[in-house]
Structure formats: structure tokens, C-alpha cells
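The values are calculated or read from the model by the stated rules, or taken from the named source; none is laboratory data. Quantities reported herein were computed from a predicted structural model and do not represent experimental measurements. Neighbour counts run over all protein chains shown; Cβ positions are idealised from the backbone, glycine included. Side chains are part of the model used for accessible areas, which takes the heavy atoms of the whole protein and leaves out ligands, DNA and RNA. Shrake-Rupley method; radii C 1.70, N 1.55, O 1.52, S 1.80 Å.
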Amino acid sequence: MHMSPVATPPLPPAAVDVNVAANGLDTAAAAAAAAGLAAAATGAATTLTRTTTIRLYQPTVHSTRGEALGALVGASLTVVGDTVYTFAGFDQYTDELYHSLHRLALGGDFSWQRVVYLKGRPPGKRNDHSTTYWPAQNKLVIFGGSSEDDGVSFNNVALLDLATMTWEHPATQGKAPEPRSRHAATIHDNHLYISGGLAQDGTLLSTLHILNLTNWTWMDPIAFVARSQHVLVVHDGRLFLFGGMYEDLTRSNQLSYMDLMDGAMTHVHIQSTHAPPLHAQRFVQICGNRLVLLVTPSITDKGASGLWTLNLDRMQWRCHAQHLLGGHENFTWHGFAMQEHDHLLYLFGTCDDDDELADQYYGKVLPLDLHEFGIFCPQPPTLSRDLLTRVASFSASSSSSSSSPSSNSLDHHLILIPNDKDDAHVVLPQWLVLVRCPQWSYEGLHVPMSFPAATIHAFAHYLYHDNLPLSLSVYALAPLLVLAHEQALERLQVLCLEALWPALHIDTVSLIYQAACLACVPSLQHHTLQFIFDHFGPVSHSATFRQLPPSCLLSLLSAMPRDAALIYEPNC
């Protein structure tokens, strides 16, 4: 028996080896996890009450307002905070070239506004250029692009100061790059990186150019990768080049990177059944340690759409959603905007059924939340380093032990402190944290004894290693998510979410749903609810479902689709 019409796609394997009771329900572990969540819920009753208005995630297309941008192509879209900026481009129907600047406020009525009051001389009219945000100076950096004259491109740099809305044209030193268009650009550590693109005669360029933004000096060019319409990002001290077009105009899934310390180059071709298709329209941005790749329908494949990530640490592809735009087949998507390391992206396009607005390429916007597809952006690991550098300033004590810290300044003790005397008889390692970390404003981190022992062990492992244990039961992981939320440990919470997302199972999904409610994670709530509705009969007979508190059951009922129906299936 399942709940129609909600459907759940196949789940990819988990990055962490999450044990999901392969030989049947682990009754003792389930009881311990349920008890831990029940204890946590005692202090979160008001939070759970607020979650009774959960609605399943449904991406919604919005109509943009304000000034019409027309059939603008070859423009740059750059997200800065809650604003999207478009610059230059040309009209596909009139061939008119622009150097105008527009902005769209996100989260409101999605109204386009032309920025008229600008100081200084604007850059020349162009298209297929790059616009990169320079966060250290709050400026947009524009480079290259095709000009109004046939066969003529730019190689100059222009800046827009977003604080004063003033155009700047710095004079550079050194050998400037060859004029180009359809190249890639990124900024890291006050350096502008320019890679590839098309020369004025249409030749595919392979050089990498680096501009020091503090003294405006171009470094000597470096032989890199011949590519156009690709993406350039920096992660973990390496400059990555991904995708784009070869000289024969075929698409690439190849990944190349350069070590920014020693200049060593590596070229990787990842053969994977989980890799995205090459024949559809693709948009790419970096989020944490992953490249996010959004596929939209193209002329050659009007049914293709989906969301993929490439883990730059493990060099692994993962498909998070296929047929992502299945409910929007009558739309054509022309533009994409996403800020680096953000979880929101925006597609711009037109509705094919609306003849009056068919030439308004930015007349519709579709926001997508990456969290709703299990894509999160973990913070880099710092906790172990902070513990080692700060712990010598603090002493450790225990309510049940008279042991004292070692005289070695690098030794430290993690001491478990029971919340009340009734818990003192529980046999557990005598540790948890009495040290100061940047996230905490107090010396003692008190963890309730009501959490399962495996959760306490996993928490201590995280404090030492900045990561989860390689193998962890769902019954330990779900309470750990709640514990991470209670202690405001954002990285730990993200690691738990990434491990729990693909670990849904009939016997444990209700436990994960309860943890998502307690930890206030709407995306995991939506994800588990979809699974519950799709397998409602078996899930409703599970022990963890029947142990859900009334507040969670009310939230579940409030999210149930109005047109849902129970369908009996003998094999369920």
C-alpha cells in the first residue's frame, strides 16, 4: 500500500557507510534512538508545534516584472547577495549590442530594473564576456567579449564598484592576454584567472592568464587547456577547469586542475555511469567541495533535465535528480545565475505557450534550492585544530572521577557529565567536552546522557577528527543530527545530513523524519515525507513510525497531498 501520487526516485549510495539494519530491525538501537529523540523533544516542543504547516517542496516558476530585457543573449549574470546583475549582451532578433546594466532583487517580486545612475565611463558594448565578483572590494570585474565590429574582441579589464556604482578602468602592466570571448574567469586571493576561450579569428585558446589585482600586473601566460564555454573555479588550493566545448563543438566532461602552489597540472577523465549527459544544455557552479551541474533541455534532447554534483575531493559523480524539469516541459531556459557556495540557483527563460512574451528570455524565473536535493555545502574542517591550540588553557574535571589532566600541555580530556544523578549508573566512557571552541561561548559542553552511546561515541570522534566515523548506524546518526543542531555545530549537522539523505529505509525513515523535525531541517523533512507517502503502508507498520510523537504525526498529516489516495498492493 502506498500513497499516490507522490513518487520517490532511486536513491544513490551513501558517502558514509550507514548501516540500515540489513538483518532486520535493531530493536535495542531503535529504542535507544527513540528515547534520545524523545528526551530532545522535551525541550523542543514549541519548535515541533511550528512545523505543523510543512508542505512538500514544489519548484515554482515566477513571472518577472519591471523592465523587459528582450531576447538578450551573450550577457553575463552575476549573483551578489540577494541581487542578480546582468551586463551587456545582444538581442537575438535585432542584433543590437548593449552595454547596459540591469539588476533583479531576489526574494521579492522579481522585478528587473535598469541601473541608470552610474558614474564614470561604461565599458564598450559587448557579448560573450566574463563578469566576476570580487568580494574583497565589492566590485564586478569584466573582461573580454566580442565587440560591435566583426572579428574584434576585447582584452581590457573594467570594474564596477557596487558601493558607489562607479565604473573604473585600471591600467595594467605586463603582457595582456590575447583578445577573446567565451572564456572562463574566476577570482581567488586577489588574483583574476582567465582561461581559454575563442580568439578573434575563432581559434580555440589554451593559455591561462593571471592578473594580480593589487598591482594590476599580468603574469606570464601558462599553457593550460584548450576549451571554450567552460567553468573555472578554485578549491583546496587548486584551480579547476571543467567542461566546455572542444574545437569540433562537442561537449566535454573532462576535469583539469593546476596546483596553485607549485603549478603542477593534472588532467582527469572520469568514467562513471552517474556522469551527466553531454548532449543537453548545462550550467555549472561550485558549492563547497562540489561542482553543481544543472542540465536543461536542448534542441537535440528536449526531455533531458537533472541535477548532478562532482565531488572534487573524491572525484566522484552523483546524480541527485533526473527529469527535474518534468513539470515545466513548456519552458525554454536561456540563463542561469548562482553565487559561489550558495544553495540557491535561478533559471531564466520563457514559456513556449505564451506567444506575446516568446521574445522575453528573462520573463520567467525558476528558483531551485539545492538543499531540497540533498546538496549541502559543508564548512572546511577546523575543529580539531581549534581543540589542540586552545585546550591547554583549560582544565578538565569530572563529577564521577577525580582524575586530572596530564602535565603535557597538548594532552586534553573529554569528560562526560551526566545531567542528573539518576543517569550516573549508566556505563559509558567518561568523556565529553570541557574546552573552548570558536562556536561556543562557554567552557563546558554538556551532552545529555539520554542520547545513545553510539551517538556519544560518534560525537567524540567528530571532535577529534572533524568527520564522521566511516561506519555509523542510522540509530546513532539521527540523534547525532539533533545533537549537532542543539550545539550549533553547522559542519557536523551538514555531515549528518549528507549521510542520512540516501539512507532512507522502511524501518528507519520515521526516525530520520523525527530528527529532521527536531533539528529544524525542512529539506530533510520534505525528503523523508516523500518516502513515507510513497511507501505509506509498510512505513505505517514500522515500530519507529508508531513511536512518533503526536506533534510529528500532525506535521505529517498537514503535509499529505489533498488528492492523495491509499492504493492497496498485495506485494507491499
(request) Select from the stretch 343-376 the residues that are in a loop (DSSP other than H, G, I, E, B) and open to solvent by 40 Å² or more (accessible area, probe 1.4 Å) and list them in ascending order. (result) H343, D352, D353, D354, A358, D359
(request) Give just the number: which of (1) at pLDDT 85 or above; (2) of a type in the set (S, T, N, Q); (3) not in a loop (DSSP other than H, G, I, E, B) does S384 not satisfy? (result) (1)
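The rows are residues; the columns are (1) in a loop (DSSP other than H, G, I, E, B); (2) among the aliphatic types (A, V, I, L, M); (3) open to solvent by 60 Å² or more (accessible area, probe 1.4 Å).
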{"position": "K125", "(1), (2), (3)": "yes, no, yes"}
{"position": "A136", "(1), (2), (3)": "yes, yes, yes"}
{"position": "V141", "(1), (2), (3)": "no, yes, no"}
{"position": "D150", "(1), (2), (3)": "yes, no, yes"}
{"position": "L160", "(1), (2), (3)": "no, yes, no"}
{"position": "A171", "(1), (2), (3)": "yes, yes, yes"}
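Taking the criterion of being out of contact with any Asp or Glu (no Cβ under 7 Å at 6 or more places or on another chain), over 14 Å from G374 (Cβ atoms), touching a residue at least 40 places away in the same chain (Cβ under 8 Å) and not in a loop (DSSP other than H, G, I, E, B), would at least one residue in the stretch 298-309 satisfy it? I'd like the intermediate steps shown before the answer.
Taking the stretch 298-309 and keeping what is out of contact with any Asp or Glu (no Cβ under 7 Å at 6 or more places or on another chain), we get 298-309.
Among the residues that remain, those that are also over 14 Å from G374 (Cβ atoms) are: 298-305.
Adding the requirement that they be touching a residue at least 40 places away in the same chain (Cβ under 8 Å) leaves none.
Within the stretch 298-309 (the criterion being out of contact with any Asp or Glu (no Cβ under 7 Å at 6 or more places or on another chain), over 14 Å from G374 (Cβ atoms), touching a residue at least 40 places away in the same chain (Cβ under 8 Å) and not in a loop (DSSP other than H, G, I, E, B)), the answer is no, since none of the residues qualifies.
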(message) Can you go through H188, H209 and tell me which one is touching a residue at least 60 places away in the same chain (Cβ under 8 Å) and within 33 Å of the chain's Cα centre (by Cα)?
(response) H188
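With the requirement that a residue be more than 13 Å from the chain's Cα centre (by Cα) and within 17 Å of L366 (Cβ to Cβ), what does the stretch 277-302 give you? Working first, answer last.
Taking the stretch 277-302 as the starting set, the residues that turn out to be more than 13 Å from the chain's Cα centre (by Cα) are 277-283, 295-302.
Once the filter is applied, which keeps residues that are more than 13 Å from the chain's Cα centre (by Cα) and within 17 Å of L366 (Cβ to Cβ), the stretch 277-302 yields A280, Q281, R282, F283, V295, T296, P297, S298, K302.
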(message) What pairs come out if I take residues in the stretch 102-113 that are over 17 Å from T78 (Cβ atoms) and pair them with residues that are small (G, A, S) and open to solvent by less than 80 Å² (accessible area, probe 1.4 Å) whose C-beta lies under 9 Å away, six or more apart or interchain?
(response) D109/G66; S111/G66; S111/A105
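What number of residues within the stretch 332-353 are modelled with pLDDT under 90 and within 23 Å of G74 (Cα to Cα)? Before you say what the answer is, go through the steps one by one.
Our first condition is that a residue be modelled with pLDDT under 90; within the stretch 332-353, this holds for 352-353.
Those left that are additionally within 23 Å of G74 (Cα to Cα): 352.
Going through the stretch 332-353 one residue at a time, the tally reaches 1.
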(request) Taking A136 as the residue in question, decide whether it is within 25 Å of the chain's Cα centre (by Cα) and closer than 24 Å to V225 by Cβ. (result) no
(message) Any residue at all in the stretch 319-334 that's more than 22 Å from the chain's Cα centre (by Cα), open to solvent by 50 Å² or more (accessible area, probe 1.4 Å), closer than 22 Å to L368 by Cα and among the β-branched types (V, I, T)?
(response) yes
(message) Being under 30 Å from H465 (Cα atoms), touching a strand residue (DSSP E or B) at 6+ places or on another chain (Cβ under 7 Å) and among the hydroxyl-bearing types (S, T, Y): is that true of T309 here?
(response) yes
(request) Filter the helices (runs of 4 or more DSSP H) completely within the stretch 504-553 down to those with at least 3 residues that are in contact (Cβ under 8 Å) with a residue 24 or more places away in the chain and open to solvent by less than 10 Å² (accessible area, probe 1.4 Å). (result) 509-518, 522-534
(message) For the list (1) touching a residue at least 40 places away in the same chain (Cβ under 8 Å); (2) open to solvent by less than 10 Å² (accessible area, probe 1.4 Å), I need the number of the one condition that A75 fails.
(response) (2)
(message) Here's a check for you: in the stretch 473-489, which residue that is at pLDDT below 90 and open to solvent by 10 Å² or more (accessible area, probe 1.4 Å) is nearest to A519 (Cα to Cα)?
(response) E486
(request) Could you grab me the full set of residues in the stretch 121-143 that are touching a Gly at 6+ places or on another chain (Cβ under 8 Å) and closer than 21 Å to Q339 by Cα? (result) N127, D128, H129, S130
